[in-house]
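Shown next, in structure tokens, is the structure this report addresses.
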């Protein structure tokens, strides 16, 4: 039996017996009540769109080819607003037919699932799939690797089906395909960057090349790899509910990772996860490094000029 499955069963047993650590039980209760991790009114999921130069075309759209599933962190953490803001601007510039779910988007359920709360997670899963299908979307795109991994690999099993009837892509996969058509003009960015593989996108989902394809497609951008990359990449310290349970461990991991980026001479560390960007930005300040930390979608928007 795989280690992941053993941990899943163990956490389920702990949750069933009421033995989860209090901080994780409180997180589960927040999600069950508010449908998000932040205990905020779920109707406020689109607050990040309020200060864009123009309202996103996907705002209020009821029918679309692509459903952009933003996720809790991108929706409610101000530090992460620039990631969904960047993606919708890219979509609008490139004429993508997309829609935002707004308050009908609920937490993907991943935090509940990894805490052993499988049945609570299933309620969220059923709702989200129904909400996307109601708008006639053929594809779900998300900038959150955890949402992506859970949608793609856990949603079908939770619903007892082999296929959702929806294509699920991370934003880097979607954008890599678009850029490689050769129909998207990109301006030169003279910068040396390194790429950090998010755990849920890389090791857990096998998406290693799409972000790198994007970075290599941008003229002038020089990509150098850290020693630990792809399948061997180190964690940023921000996933798996670790920040909630052991923040000091999380900070130690993120500071070690940002030092690795500095050691290879990168000016900018690029990732493809709102958690990674947040934890590694904090780590750069804690280590007093003049290291910029960006998401891939921010780099693409910059290259569009």
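Tell me the Rg and the Dmax, in Å, that the Cα atoms of the chain produce.
18.7, 57
Using the count of nearby Cβ atoms within 10 Å as a rough guide to exposure, how do 151, 106 rank from fewest to most?
Taking fewest neighbouring Cβ atoms as first place, the list is 106, 151.
Can you put 143, 192 in order, fewest other beta carbons within 10 Å first? Walk me through the numbers on the way to the answer.
Details: 143 27, 192 13.
Starting with the residue having the fewest Cβ neighbours, the order is 192, 143.
For segment 185-304, treating each Cα as an identical point scatterer without solvent, what Debye log10 I(q)/I(0) comes out at q = 0.13, 0.16, 0.17 1/Å?
With no solvent term, the Cα-only Debye profile gives -0.46, -0.70, -0.78.
What distance in nm separates the simple spin-label points at residue 157 and residue 50, each placed 7 Å from Cα in the Cβ direction?
3.9
Taking only C-alpha pairs under 8 Å that are 6+ residues apart, what is the relative contact order of segment 3-176 in percent?
Dividing the mean separation by the residue count of segment 3-176 yields 25 percent.
Post the alpha-carbon centroid distance, segment 151-213 to segment 99-149, in whole angstrom.
17
Per-residue ellipticity at 222 nm for the chain, helices alone: DSSP H runs ≥ 4 residues times -39500 (n - 2.57), over residue total, nearest 500 deg cm²/dmol?
Helices in the chain give a 222 nm mean residue ellipticity of -13000 deg cm²/dmol.
In whole Å, what are the extents of segment 3-176 along the principal axes defined by its C-alpha atoms, from largest to smallest?
Sorted from largest, the Cα extents of segment 3-176 read 50, 34, 27 Å.
If you rank 81, 195, 110 by fewest surrounding Cβ atoms within 10 Å, what's the result?
Neighbour counts put them in this order, fewest first: 81, 195, 110.
Read-outs throughout are calculated quantities, based only on the coordinates presented, and are distinct from any laboratory measurement. Keep in mind it's a predicted model, so treat the numbers as computed, not measured. Glycine also receives a Cβ, built like all others from the backbone with ideal geometry; neighbour counts cover every protein chain displayed.
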